[in-house]
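Single-structure report; data block below.
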Amino acid sequence: VFSFSGTPMGVVRRLAEAIGGIVRSHRTEYLVDVINRYPVLPNEWPLMAPDVQIAFEAIQTDSYQRDDAPNYDGVYVSGQQQGVVAHVYLQGTNGSNLPPLVTDVLLTDEPAARQRGMAILGSSGPQAKVSMTLPFLARAGEPGAMEVGWIVKILDPAGVWFGVVRSVRIDADLSTA
């Protein structure tokens with residue numbers, strides 16, 4: 001089913017794209033991971049333990065940009081020449097508010113189709129892109145450097161909210177005074 005011309009990393013990116021995944025470099029090893037864009041769908045974030053909690057007061061600067069999308073509760077995903085057809089939908093719904101059918105030649109198995117559907121459903125509905133500057137806290141019990149894909153709980157006095165880490169940048173000043 002798969003034919004690709006390009007670099008080895010291009011192959012990895014293409015496979016991740018097929019399932020709606022993310023390619024993440026390992027922090028200490030010479031390797032990459034392909035992870036689910038939404039290991040847990042946003043509507044389930046309040047029911048789970050987050051990877052990290054951040055007090056609103058710890059946020060030094062931030063930017064906030066609304067990025068709403070249509071609020072789908074189901075999606076059909078399918079292989080092309082062969083593969084599967086899957087109806088992926090949010091638990092507790094009938095999955096009838098649908099985007100157009102999504103096809104990919106690499107959707108040849110049910111777990112891949114389910115992950116692609118979760119990526120589509122996770123990115124639908126009300127959402128925002130938020131950038132934060134945080135102190136780097138690396139003592140025992142502190143988060144250290146966050147990882148792409150972590151679920152974050154923000155303890156905002158106006159109301160708790162959740163997000164998923166999409167990128168991390170660390171700035172350090174190594175000069176001595």
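The values are calculated or read from the model by the stated rules, or taken from the named source; none is laboratory data. For clarity, every value in this text was computed on a predicted model and none was experimentally measured. So basically every Cβ, Gly included, is an ideal-geometry build from the backbone, and we count neighbours across all protein chains shown. Surface accessibility is based on the protein's heavy atoms, side chains included, excluding ligands, DNA and RNA. Shrake-Rupley method; radii C 1.70, N 1.55, O 1.52, S 1.80 Å.
Remark: Ala49 matches the filter, which requires a residue to be under 28 Å from Arg169 (Cα atoms) and out of contact with any strand residue (DSSP E or B) (no Cβ under 8 Å at 6 or more places or on another chain). Taking (1) under 27 Å from Val168 (Cβ atoms); (2) of a type in the set (Val, Ile, Thr); (3) not in a loop (DSSP other than H, G, I, E, B) in turn, Val148 satisfies each apart from (3). Residues in the stretch 60-74 that are closer than 15 Å to Ser123 by Cβ and open to solvent by less than 70 Å² (accessible area, probe 1.4 Å): Asp67, Ala69, Tyr72, Asp73, Gly74. When Val84, Val160 are checked against the criterion of being in contact with a Lys or Arg (Cβ under 8 Å, 6 or more places away or on another chain), among the hydrophobic types (A, V, I, L, M, F, W, C) and open to solvent by 30 Å² or more (accessible area, probe 1.4 Å), a single residue qualifies: Val160.
Scoring Ala86 on the criteria (1) in a loop (DSSP other than H, G, I, E, B); (2) out of contact with any His (no Cβ under 9 Å at 6 or more places or on another chain); (3) farther than 25 Å from Leu134 by Cα leaves a single failure, condition (1).
The residue of the stretch 13-49 that is surrounded by the fewest Cβ atoms within 10 Å (Cβ to Cβ), among those that are touching an Asp or Glu at 6+ places or on another chain (Cβ under 7 Å) and not in a loop (DSSP other than H, G, I, E, B), is Arg24.
Yes/no per residue for (1) closer than 20 Å to Leu90 by Cβ; (2) surrounded by 11 or more Cβ atoms within 10 Å (Cβ to Cβ):
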| residue | (1), (2) |
| --- | --- |
| Ile120 | yes, yes |
| Leu134 | no, yes |
| Gly141 | no, no |
| Lys153 | no, yes |
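Among the listed residues Val130, Val148, which satisfies the condition of being in contact with a Ser or Thr (Cβ under 9 Å, 6 or more places away or on another chain), open to solvent by less than 40 Å² (accessible area, probe 1.4 Å) and in contact (Cβ under 8 Å) with a residue 24 or more places away in the chain? Within the list Val130, Val148, the selection yields Val148.
Would you tally the residues in the stretch 51-83 being more than 30 Å from Ser3 (Cβ to Cβ) and part of a strand (DSSP E or B)?
Applying the first criterion (more than 30 Å from Ser3 (Cβ to Cβ)) to the stretch 51-83 yields 51-74.
Right, trim to part of a strand (DSSP E or B) and you get 52-55, 61-66, 74.
Within the stretch 51-83, residues that are more than 30 Å from Ser3 (Cβ to Cβ) and part of a strand (DSSP E or B) number 11.
No other residue among Gly163, Gly74 is in contact with a Ser or Thr (Cβ under 9 Å, 6 or more places away or on another chain) and modelled with pLDDT of 90 or more apart from Gly74.
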